[in-house]
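Right, I'll just put the structure down here and ask away after.
The values are calculated or read from the model by the stated rules, or taken from the named source; none is laboratory data. These numbers were taken from a predicted model, which means no experiment stands behind them. Here the Cβ is made from the backbone with ideal geometry for all residues, glycine too, and neighbour counts use every protein chain on show.
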Amino acid sequence: MKILVLNSGSSSIKFKLYDFPSRELLLAGSIERIGEADSSLRLKGRNLELDERVALADHRRALESLEEIFKKSSLLDSFEELGAVGHRVVHGGEDFEESVLIDEEVMGAIKRNVSLAPLHNPANIEGIEVIGSLSPSTPQVAVFDTAFHQTMPPEAYIYALEIELYEKYGIRRYGFHGSSHSFVCKRASEMAGMDSASFDTITLHLGNGASVCAIKGGKSIETSMGFTPLEGLVMGSRSGDIDPAIIFHLYRELGMSLQEIERLLNRRSGLKGLCGENDMREIELAAASGDERALAAIDIFVHRIVKYIGAYFVLLGGADAIVFTGGIGENSSYIRARVCERLEALGVRFDSELNERGRGDFLFSTKDSALRLYTVHTDEESVIAEDTYRIVSLAESMNPTP
Ligand code: AMP
């Protein structure tokens, strides 16, 4: 069964095509700048590599082009041949605790949640609707960024605002990166040889977007992103936690518009705001040559992570492991070392050589460390593909086609 995974954004669509049950990745690619005259369509497969510039007016045209490429390369005659399509859907609100087969009711709920993710859910919906019209009989599955965190207790997800704001308008903490946190936690529990139901861990997803999650027995009990992915850790260009009164100050005293402030907090803050660069590789190089802003940006980035780890360790009542993932978590031995050397009070000890030499998924704590330290490669698309396969196979076994 071929499964197409789509991450449909407002002006881009990322995709991966898998073959199940072998789980072979047949191709991966992206369509960018949809709606502009020079949209790009890039993809790479075993015997196929493409990098085209074409005008793709909208998501429908973009997905039709993809279908044509599949046809030309003899991968599929049409989308009708797909076993299923799995979609990344950013916001499931309080409606979804897990991935689901998409039907009218599910679409209604995803649409209701548009107000919670106005930048993301409409584009996700568009991807689902276009596939629905190009290939009406193909089952589609929604995998939500928020679903994994629906197990958080109310004291973790309710803000200390007027309670009606939660009750009437759903203003609460939701958390994101759920597929990644759940995937790396499961993988680390396998590596530890422990049952995930009794495995307590702190997972650090450190990429351009960054979040930390406290996971007790496989269930999220607290995470650093909140109502939106702006809360929490210092990110590539997002501020993470700030005093909300800064927003009023910027508006009143500096005359900034709300739109400018929103842009500032999302696009011009975080590492980029602190040192002019959001690529951690560049920041590390600049820091190594003594650039003071780069050094300070790393200090602030690490400080925030360590602060969250301390808090989550206490919330969990102790933990078995800390797991690093995401572009920075997986690749930067320097940042891992900077974080772990601050965790002595928790009994954390790490092996510098293992930390530096490790590749792929690996353990880098010493035997006498109170917590195990892992680096695990996250793969959100494969989580979406797995969920899609599981849900579609289950649906088929319950309703076998005659
Ligand atoms: P992601 O959003 O998960 O793709 O992660 C992107 C971030 O990972 C960027 O800040 C990159 O600079 C960072 N990154 C990727 N490779 C490395 C590396 N070898 N060392 C440090 N940071 C890295």
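Which members of region 293-307 meet the condition of being in contact (Cβ under 8 Å) with a residue 24 or more places away in the chain and either closer than 18 Å to residue 282 by Cα or within 11 Å of the ligand (Cβ to nearest atom) (or both)?
The answer is 297, 298, 300, 301, 302.
In the set 388, 366, which member is surrounded by 23 or more Cβ atoms within 10 Å (Cβ to Cβ), at pLDDT 95 or above and of a type in the set (Ser, Thr, Tyr)? Break it down into steps so the answer makes sense when it comes.
Details: 366 fails: surrounded by 23 or more Cβ atoms within 10 Å (Cβ to Cβ).
Criteria check complete, one pass: 388.
Listed residues 130, 143; which is β-branched (Val, Ile, Thr), part of a helix (DSSP H, G or I) and either without any contact (Cβ under 8 Å) to a residue 60 or more places away in the chain or in contact with a helix residue (DSSP H, G or I) (Cβ under 6 Å, 6 or more places away or on another chain) (or both)?
From the options 130, 143, the qualifying one is 130.
To continue, here is another question. Of all helices (runs of 4 or more DSSP H) completely enclosed by region 308-361, which ones contain at least 3 residues that are touching a residue at least 40 places away in the same chain (Cβ under 8 Å) and within 16 Å of the ligand (Cβ to nearest atom)?
326-331, 333-340
Let me confirm something: among 171, 131, which residue is surrounded by fewer than 19 Cβ atoms within 10 Å (Cβ to Cβ) and under 25 Å from the mean Cα position of the chain (by Cα)?
Just one listed residue meets the conditions, 171.
Restricting to region 362-388, and then to whatever is in a helix (DSSP H, G or I) and hydroxyl-bearing (Ser, Thr, Tyr), can you tell me which residue is farthest from the ligand (Cβ to nearest atom)? Break it down into steps so the answer makes sense when it comes.
At the first step, the residues of region 362-388 found to be in a helix (DSSP H, G or I) are 380-388.
Imposing the further condition that a residue be hydroxyl-bearing (Ser, Thr, Tyr) reduces the set to 382, 388.
On the way: 382: 15, 388: 22 Å.
Filtering region 362-388 for residues that are in a helix (DSSP H, G or I) and hydroxyl-bearing (Ser, Thr, Tyr), the one farthest from the ligand (Cβ to nearest atom) comes out as 388.
Still on this model: Among the candidates 142, 160, 188, 156, single out the residue that is farther than 21 Å from residue 386 by Cα and touching a strand residue (DSSP E or B) at 6+ places or on another chain (Cβ under 6 Å).
Checking each option against the conditions leaves just 156.
While we're on this one: Within region 89-109, which residues are assigned to a loop (DSSP other than H, G, I, E, B) and among the β-branched types (Val, Ile, Thr)?
Here is the first cut: in region 89-109, the ones assigned to a loop (DSSP other than H, G, I, E, B) are 90-99, 102-103.
If the condition is that a residue be assigned to a loop (DSSP other than H, G, I, E, B) and among the β-branched types (Val, Ile, Thr), then 90, 102 are the ones that fit.
Here is a follow-up. For region 13-72: of the residues being of a type in the set (Lys, Arg) and more than 26 Å from residue 379 (Cα to Cα), which is surrounded by the fewest Cβ atoms within 10 Å (Cβ to Cβ)?
By that ranking, first place goes to 72.
Confirm whether residue 289 is within 16 Å of the ligand (Cβ to nearest atom), among the hydroxyl-bearing types (Ser, Thr, Tyr) and farther than 28 Å from residue 144 by Cα.
Yes: the conditions hold for residue 289.
Select from region 164-210 the residues that are within 21 Å of residue 112 (Cβ to Cβ) and not charged (D, E, K, R) and list them in ascending order.
165, 166, 169, 170, 171, 174, 175, 176, 178 - these are the residues of region 164-210 that are within 21 Å of residue 112 (Cβ to Cβ) and not charged (D, E, K, R).
Yes or no: region 264-285 includes at least one residue that is free of Cβ contacts under 8 Å to residues at least 12 places away in the same chain, away from the ligand (no atom under 16 Å from the Cβ) and farther than 30 Å from residue 155 by Cα.
The answer is no, given that none of the residues of region 264-285 is free of Cβ contacts under 8 Å to residues at least 12 places away in the same chain, away from the ligand (no atom under 16 Å from the Cβ) and farther than 30 Å from residue 155 by Cα.
Can you find even one residue in region 230-251 that is hydrophobic (A, V, I, L, M, F, W, C) and either within 23 Å of residue 94 (Cα to Cα) or at pLDDT below 95 (or both)?
Checked region 230-251: at least one residue is hydrophobic (A, V, I, L, M, F, W, C) and either within 23 Å of residue 94 (Cα to Cα) or at pLDDT below 95 (or both).
Of everything in region 189-217 that's assigned to a loop (DSSP other than H, G, I, E, B), in contact (Cβ under 8 Å) with a residue 40 or more places away in the chain and more than 15 Å from the ligand (Cβ to nearest atom), which residue is surrounded by the most Cβ atoms within 10 Å (Cβ to Cβ)?
That would be 199.
Conditions (1) without any contact (Cβ under 8 Å) to a residue 12 or more places away in the chain; (2) in a helix (DSSP H, G or I); (3) not charged (D, E, K, R), marked per residue:
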{"residue": "18", "(1), (2), (3)": "no, no, yes"}
{"residue": "30", "(1), (2), (3)": "no, no, yes"}
{"residue": "41", "(1), (2), (3)": "no, no, yes"}
{"residue": "51", "(1), (2), (3)": "yes, no, no"}
{"residue": "68", "(1), (2), (3)": "yes, yes, no"}
{"residue": "71", "(1), (2), (3)": "yes, yes, no"}
{"residue": "87", "(1), (2), (3)": "no, no, yes"}
{"residue": "118", "(1), (2), (3)": "yes, no, yes"}
{"residue": "123", "(1), (2), (3)": "no, yes, yes"}
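For region 87-107, does any single residue satisfy the condition of being surrounded by fewer than 14 Cβ atoms within 10 Å (Cβ to Cβ), more than 22 Å from residue 146 (Cβ to Cβ) and out of contact with any helix residue (DSSP H, G or I) (no Cβ under 8 Å at 6 or more places or on another chain)?
There is no residue in region 87-107 that is surrounded by fewer than 14 Cβ atoms within 10 Å (Cβ to Cβ), more than 22 Å from residue 146 (Cβ to Cβ) and out of contact with any helix residue (DSSP H, G or I) (no Cβ under 8 Å at 6 or more places or on another chain).
Would you confirm, using the coordinates I've provided, whether residue 214 is within 28 Å of residue 79 (Cβ to Cβ), at pLDDT 95 or above and in contact with a strand residue (DSSP E or B) (Cβ under 8 Å, 6 or more places away or on another chain)?
For residue 214, the condition - within 28 Å of residue 79 (Cβ to Cβ), at pLDDT 95 or above and in contact with a strand residue (DSSP E or B) (Cβ under 8 Å, 6 or more places away or on another chain) - is not met.
Looking at this structure, is residue 119 buried (at least 16 other Cβ atoms within 10 Å of the Cβ) and not β-branched (Val, Ile, Thr)? Break it down into steps so the answer makes sense when it comes.
Working: buried (at least 16 other Cβ atoms within 10 Å of the Cβ): no; not β-branched (Val, Ile, Thr): yes.
Spelling it out, it is not the case that residue 119 is buried (at least 16 other Cβ atoms within 10 Å of the Cβ) and not β-branched (Val, Ile, Thr).
Let me spell it out: the conditions are (1) of a type in the set (S, T, N, Q); (2) more than 16 Å from the ligand (Cβ to nearest atom); (3) buried (at least 24 other Cβ atoms within 10 Å of the Cβ), and residue 137 meets all of them except one. Which number is the exception?
(3)
Let me ask another. Residues in region 182-190: is at least one of a type in the set (A, V, I, L, M), farther than 19 Å from residue 145 by Cβ, at pLDDT 95 or above and within 24 Å of the chain's Cα centre (by Cα)?
yes
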